[in-house]
Amino acid sequence: MPLSEHEQRLLEQMERALYAEDPKFASTLRGGDPRSNFRRRVVLAAFGFLVGIVALMSGLVTKVVVVSILGFVLMLASAFFVFSSWRRLTTAPQLGVVTGTGTTRQPVARTKAARPKRTFMQRFEERWDRRKDQG
């Protein structure tokens, strides 16, 4: 639910007052761009994935099964880390970002329409009904 113009003005005034009173605290609350956090997480996960590949291969060459298993687990954990970061990035609420001057910059609207969340069973039943109707 979007804010009214009056509420937006009040919020901007509060943000400016907070920034003027304690800029360090305001910058801490403002946070950063979630995309920069995602890039850092992807780089970290890629490094972990490469280390996992090296551990997996070196475990296979030296015939130490434990090292191979640890390498595989590290690769799996790195892949999970990237996908969970991606999900967090795409499902994060799109809020306005406070600039250094205390003004609010609204984000660009998403191009995809928001789809209602459905459970696995709801999607499964819809597919089943479509197949039954077609056949």
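Residues in the range 82-111 that are modelled with pLDDT of 85 or more and either of a type in the set (Ser, Thr, Tyr) or over 17 Å from the mean Cα position of the chain (by Cα) (or both): 84 only. Per the listing 114, 79, the residue uniquely small (Gly, Ala, Ser) and modelled with pLDDT under 75 is 114. Here residue 85 meets each of (1) in contact (Cβ under 8 Å) with a residue 12 or more places away in the chain; (2) out of contact with any Phe, Trp or Tyr (no Cβ under 6 Å at 6 or more places or on another chain) with one exception, condition (2). Mind counting the residues in the range 36-76 that are more than 19 Å from the chain's Cα centre (by Cα) and modelled with pLDDT under 90? Result for the range 36-76: 0. Of the set (1) loosely packed, with under 12 Cβ neighbours inside 10 Å; (2) in a helix (DSSP H, G or I); (3) modelled with pLDDT under 90, all apply to residue 125 but (1).
The values are calculated or read from the model by the stated rules, or taken from the named source; none is laboratory data. Just so you know, these numbers come straight off a predicted model, no measurement behind them. Reconstructed Cβ throughout: ideal geometry from the backbone, glycine too, with neighbour counts over all protein chains shown.
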